[in-house]
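Here's the structure, in structure tokens; my notes come after.
The values are calculated or read from the model by the stated rules, or taken from the named source; none is laboratory data. Source: prediction; values computed, not measured. Every residue, glycine among them, receives a Cβ derived from its backbone with ideal geometry; neighbour counts consider all protein chains shown.
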Amino acid sequence: MASSVTIGDADLATIQGLLERLMADAACAAVLLIARDGESLAAAGAAPAMDMVSVAGLAAGGFSSTAPLAQLLGEREFAAVIHEGVARSLHVSAVDDATILMAVFDERTTVGMVRAFAREASTRLAAVLDEARTRGRSTGRRSHGGGA
């Protein structure tokens, strides 16, 4: 379960760089790192005419709601959920037990491209968050949950 989030400036800059790279590599309109409770932790880009705070909360809720279905199929959770629209689509994937990654994309790219680059970004984001949690534990600060 996620605890309150403490991400230092250096970690936030690294996270921001990873999100911006994902956005550029996969040709996404926007990319968000979201706590499982729906709180937007970091973002890159901006999808026109979208309330990204609401989108983040709803995406987190939608992603979490698929866990029981995954469990019926013998999975702990789905690694990624795709919501494909006519003009815009969402790729929502697990980073760790406390965070998810959401990419907003359109016809400029493909689901496969977004999936491939999101998988790479998630691995790197998980490492940054794990390091931040480790530092938080060693200094007594509460940090973003999801490990151990």
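For (1) crowded, with 16+ Cβ neighbours inside 10 Å; (2) part of a loop (DSSP other than H, G, I, E, B); (3) at pLDDT 95 or above, each residue gets a yes or a no:
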residue	(1), (2), (3)
R108	no, yes, no
R115	yes, no, yes
A118	yes, no, yes
T134	no, no, no
R137	no, no, no
R141	no, yes, no
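Mind checking which residues of the range 86-110 are of a type in the set (A, V, I, L, M, F, W, C) and under 19 Å from A46 (Cα atoms)? Across the range 86-110, the qualifying residues are V86, A87, L90, V92, I100, L101, M102, A103, V104, F105. Against the condition at pLDDT below 95 and of a type in the set (S, T, Y), how does S122 come out, does it pass? It is false that S122 is at pLDDT below 95 and of a type in the set (S, T, Y).
Just a yes or no: is a residue in the range 59-80 over 18 Å from D97 (Cβ atoms) and β-branched (V, I, T)? Checked against the condition, which is being over 18 Å from D97 (Cβ atoms) and β-branched (V, I, T), the range 59-80 yields no hits at all. Only residues that are surrounded by 10 or more Cβ atoms within 10 Å (Cβ to Cβ), of a type in the set (A, V, I, L, M, F, W, C), within 22 Å of R108 (Cα to Cα) and more than 14 Å from the chain's Cα centre (by Cα) were counted in the range 45-91, giving 3.
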